[in-house]
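Everything below concerns the one structure shown next.
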Amino acid sequence: MSDDGIKYYWSGVSIPFMGFVGSLEILCVIFMFMSKSFITYLCIGVILFFILLLFFSLKVTVDYNNLYITYGIGIFEKIIPLTEIKGKRIVPNKDSTLCLAYNMSANEAVMLELRSGERLYVPADNSRRFQSALSIMG
């Protein structure tokens, strides 16, 4: 993916997810010092930290050929060729927990229907601009 061909870019942070995992991290630190199982709570805390790194944010990028959906630091990424998108429509944000988690302020998301029959709900700051960026340039 090259920066000069980007048609759309959005990045969102999941405040609810960060708050939940952060609270669990604080509990692990408290229990580490209050119990005799220091190593157990240290391991749990480290695992929670890596889970936080993997899923704290969501980036949506559209270039002239592909849609990229990337979580956290980028280990989990879904690349969808634009030619694989059969249909797209704007739907209320309440239809998807993922959209609510990463984009609390927007009340719309874009539902993509792929040629394989899979449906994806993708949050975006500007659903109409995202939907138009998914159109293949001829």
Cβ charges +1 (Lys, Arg) and -1 (Asp, Glu), total dipole of the chain, debye:
280 debye
Calculated [θ] (222 nm, deg cm²/dmol) that DSSP helices of n ≥ 4 give over the chain, each run adding -39,500 (n - 2.57):
-11500 deg cm²/dmol
Given R₀ = 35 Å, what would the calculated FRET efficiency be for residue 135 paired with residue 59, taking r from the Cβ atoms and rounding to 0.05?
0.95
Computed Rg/Rh for the range 6-135 (Cα atoms; Rh = Kirkwood radius) stands at 1.11
Within the range 54-78, list the residues whose amide N lies under 20 Å from a label point set 7 Å along Cα→Cβ of residue 20.
54-59, 70-77
Of the candidates 46, 121, 11, the farthest towards the positive dipole end of the chain (Lys/Arg Cβ +1, Asp/Glu Cβ -1, centred on the Cα centre) is 121
Give the peptides 21-33, 50-62 in descending order of average Cβ contacts within 10 Å, highest first.
50-62, 21-33
Contact order normalised by length for the chain, with contacts defined as Cα pairs under 8 Å and 6 or more residues apart; what percent is it?
22 percent
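Rule-based calculations on the coordinates, nothing more; no lab input. Model, not experiment: these values are computed from the prediction. Because the Cβ atoms are built from the backbone with ideal geometry, glycine has one as well, and the counts that use them run over all protein chains shown.
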